[in-house]
1. Quote the convex hull volume per residue of the chain, based on C-alpha atoms, as a whole number of Å³.
2. Quick one: plug the Kirkwood hydrodynamic radius of region 54-146 (C-alpha pairs) into Stokes-Einstein at 20 °C, 1.002 mPa s, and report D in µm²/s.
3. So which of Lys124/Lys169; Lys25/Lys97; Lys86/Lys110; Lys86/Lys169; Lys99/Lys124 end up more than 22 Å apart, counting from Cα to Cα?
4. Can you give the helix-only mean residue ellipticity at 222 nm for the chain, where every DSSP H stretch with n ≥ 4 adds -39500 (n - 2.57) and the sum goes over all residues, rounded to the nearest 500 deg cm²/dmol?
5. Assuming a ≥ b ≥ c are the square roots of the Cα gyration tensor eigenvalues, decide whether region 20-68 counts as rounded (a/c under 1.5), prolate (otherwise, with a/b larger than b/c) or oblate.
6. Can you bin region 125-183 into rounded, prolate or oblate? Criterion: square roots of the alpha carbon gyration tensor eigenvalues sorted a ≥ b ≥ c, rounded for a/c under 1.5, prolate for a/b above b/c, oblate for the rest.
7. Among all cysteines in the chain, which have no other cysteine Cβ under 4.7 Å from their own Cβ?
8. Which of the aspartates and glutamates could a cross-linker span from Lys87 if the Cα-Cα distance has to be under 13 Å and same-chain partners fewer than 8 positions apart are dropped?
Amino acid sequence: MAYIELPEGLPGIRGPMAFRPETAKPLNELAEVLLRDDNNTLSRGERELIATYVSYLNDCFFCQNAHGGIAQHYLECSMQFIDAVKKDFQSTPVSPKLKTLLSIAGSVQKGGKYVTTGQIEEAKKAGATDREIHDTVLIAAAFCMFNRYVDGLNTQAPADREFYVKRGKQRAEEGYLHFDLYK
């Protein structure tokens, strides 16, 4: 049960966003730019995977599964693959560049000062651009905030992971700006 009275039937971040639509708007705008903007050399799936990984590290069940479902849709892979990336991305068949970016995201999750010069150098050697490094850091930082928002209010999260797979396709199609919080 949520710590405050949130609208019924709106899991995860949707309840707090419906509670305060004036704060939901800029949060959704940030998510739209970071995760869906087409002016980006990281694919939507890669960016959603970064969000998923950070949410996993933060133990935010709702966000890791919601964004895992979206990443799974974009990457056309199984949730088992998403789970494998979360548990040990170094052992998965993602690109060397994405592995370095996930490493940076993991450091940001601990705290910004955990990112090292060596990690940045490795990312650049693997082909990451300054923009990709910037966006990785910002996605990781933003998802630390989103995760704490969801879990800090003790929002409800469906336990059935199939819910997130179905919603992943819908969210991928609708985006973060133009969706009805109440459906």
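Each value in this text was obtained by applying a stated rule to the coordinates, not by laboratory testing. Small disclaimer: the values here were computed from a predicted structure and weren't measured. Cβ: placed from backbone, ideal geometry, glycine included. Neighbour counts: every protein chain shown.
1. Working: hull volume 20.1 nm³, N = 183.
Given the Cα convex hull of the chain, per-residue volume reads 110 Å³.
2. In µm²/s, the coefficient is 159.
3. Details: Lys124/Lys169 32 Å; Lys25/Lys97 32 Å; Lys86/Lys110 15 Å; Lys86/Lys169 20 Å; Lys99/Lys124 12 Å.
Listed pairs above 22 Å: Lys124/Lys169; Lys25/Lys97.
4. It lands at -21500 deg cm²/dmol.
5. Numbers: a/c = 2.78, a/b = 1.04, b/c = 2.69.
Oblate, because a/c is 1.5 or more while a/b does not exceed b/c.
6. On the way: a/c = 2.16, a/b = 1.59, b/c = 1.36.
Verdict is prolate for region 125-183.
7. Flagged as lacking a Cys partner: Cys77, Cys144.
8. Partners found: Asp59.
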